[in-house]
Amino acid sequence: MGQENAVALGRFGMTDREVEQALGRVKVSSVDYADLYFEYCQSESVSMEEGIVKRAAKSIGQGVGVRATVGEKTGFAYSDELTPKDLNIAADTARYIADSGQLSAPIPVTQQPAPARNLYPHDRADVEVATRDRVALLNAIDAEARRYDPRIKNVLASYNTEYKVMLVATSDGVMVGDIQPLSRLQVTCIAEEGGIDRSARSAVADGLGWNIFRLTNGICSSPGRRLERRSST
């Protein structure tokens, strides 16, 4: 089993057998195609303005969607409770479009090989950053931006992370999992000169995780350089 599939199944508290049984419940002979889509998403964000934390938020969402198609008709069902019982209920609900009382049987699924190149090489620890560390990073950005250009009177900065785990199992017998960490750091600087305000913004988004801290100086200086160009025109 690939690492992504193992992590995904563990995150959703499911086993191969339970996924196969749910597919078997929805994919009866009158159903042309069926699939299960699992998703877990954890998002965290902190924003700062004028050296003060303006907003800090964290959200977690998870669930499973079941789809079944019969000809041109499609049935959907969803559950945000990830238990075998709730998964089977969702599978039965999606199957109702077939209006079939036929017996179901488990559908074996095969594990897809891991891609040759990992597009998201950072694990969950990279996005699990304590709020105090996020605030410290934004404070450092504020100080660096003001140091770069004394005309800068206000700095707006935000650091957001998202950690998403997905798993798809199909009635074709395929199971594929994926893990997508994402970090976004954004800085806006407002400078005043001669009674005129000018602003510039810079941002970076990638699967960098906490390593995004290495880019702090470049992110801070980029708005400053833009302000310099605007002042000279």
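Within the stretch 4-65, the GluC sites (Glu not before Pro) that combine a DSSP coil assignment with at most 11 other C-beta atoms in a 10 angstrom radius are Glu50. Please work out whether the stretch 31-87 counts as rounded, prolate or oblate from its C-alpha gyration tensor, where a ≥ b ≥ c are the square roots of the eigenvalues and a/c under 1.5 means rounded, while otherwise a/b larger than b/c means prolate and anything else oblate? Verdict is prolate for the stretch 31-87. Within the same chain, aspartates and glutamates fewer than 8 places from Lys153 are excluded, and of the rest, those with a Cα less than 17 Å from its Cα are Glu49, Glu50, Asp142, Glu144, Glu192, Glu193, Asp197, Glu228.
Where a number appears in this text, it was derived from the coordinates with a stated rule and is not lab data. Computed from a predicted model, the values in this text were never measured in an experiment. Quick reminder, even Gly has a Cβ in these numbers, built from the backbone with ideal geometry, and neighbours come from all protein chains shown.
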